[in-house]
Amino acid sequence: MNRRSTENEIFDFRSGESGFSYIEVMVAMVILLVGILGVLAAISASVLQSRGQQQQLTARHIAATTMESIMSPKETDPTRLGWKAIGNVGSNPDGAGIPQGVFLTGWRPVLPNAGPDEVIGTADDSGTPLEGFQRQITITDICDPDRPSPICPTPGIWAVRMRSVEVRVRYSIGLAIREEVLRTVLTDYSVQN
């Protein structure tokens, strides 16, 4: 009987427990759900960061390509475009007062193909705009105190030989708007023997 009463006690002990309570199951599900949501948030953040790095790299490439295209007419085709063309539309007037600058002002869609002038950032660019990217080219004359030009505080007779060039590329990562900026100074000083 000793043995039988022990089995009954064990049986009775087990029959008193009917499994997990409803509250215990709900708490376990909430804990599991919080863990799953944490993992999903981490994956989402990782994907967004990866996309952001890709967008940033593309924006840097656009800015560098644009800057190279701005510098090239001065060096490679001085007779057709040359130094006089390195300016925003409406700038760089010639002797007759006619503006010579060819680069568009303001925020513009990034068009992938240079037009007939073979220069990126001008009015004849073509192609489907790159989605999510805009470009702004700002070219400003700089006063050279050693050779004052008409734009200097004390106007001189020399032609403008220095220009500040800034290329901004705007892109978005999710709802955040980002910009890549590239700046340089171009000069048009010829080497004299």
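Quick notes
- With Cα atoms, 0 to 90° folded angle of helix 22-76 axis to the chain main axis: 10 degrees
- Accessible surface of the chain, 1.4 Å probe, proportion on carbon and sulfur as whole %: 59 percent
- Degrees separating the helix 2-16 axis from the principal Cα axis of the chain, which is the longest one: 40 degrees
- List Tyr171, Tyr189, ordered by accessible area with a 1.4 Å probe, largest first: Tyr189, Tyr171
- Antiparallel DSSP beta bridges within the chain, as percent of all bridges there, nearest 5: 95 percent
- Principal axis extents of the Cα atoms in region 17-98, from largest to smallest and rounded to whole angstrom, are 100, 24, 9.
- For the chain: Kirkwood Rh in Å [reciprocal of mean 1/r, alpha carbons]: 21.9 Å
- Taking every protein chain into account, the accessible area of the chain amounts to 69 square angstrom per residue (probe 1.4 Å).
- Long-range HN-HN contacts of Gly156 with modeled amide H, under 5 Å: Ser149, Ile151
- Here the 3J(HN,Hα) profile of region 160-170, calculated from phi with Karplus coefficients 6.51, -1.76 and 1.60 at θ = phi - 60°, is 5, 10, 9, 9, 8, 10, 10, 10, 10, 10, 9 Hz, Gly and Pro shown as x.
- Each label was represented as a point 7 Å from its Cα along the Cα-to-Cβ direction; for Leu182 and Arg60 these points are 1.1 nm apart.
- A Gaussian network model of the chain, with springs between Cα atoms under 10 Å, assigns the largest mean-square fluctuation among Gly121, Gly38, Gly132 to Gly38.
The values are calculated or read from the model by the stated rules, or taken from the named source; none is laboratory data. Because the structure is a prediction, the values reported are computed rather than measured. We place every Cβ from the backbone using ideal geometry, glycine too, and count neighbours over all the protein chains shown. Just so you know, the surface numbers come from the protein's heavy atoms only, side chains and all, with ligands and any DNA or RNA stripped out. Shrake-Rupley method; radii C 1.70, N 1.55, O 1.52, S 1.80 Å.
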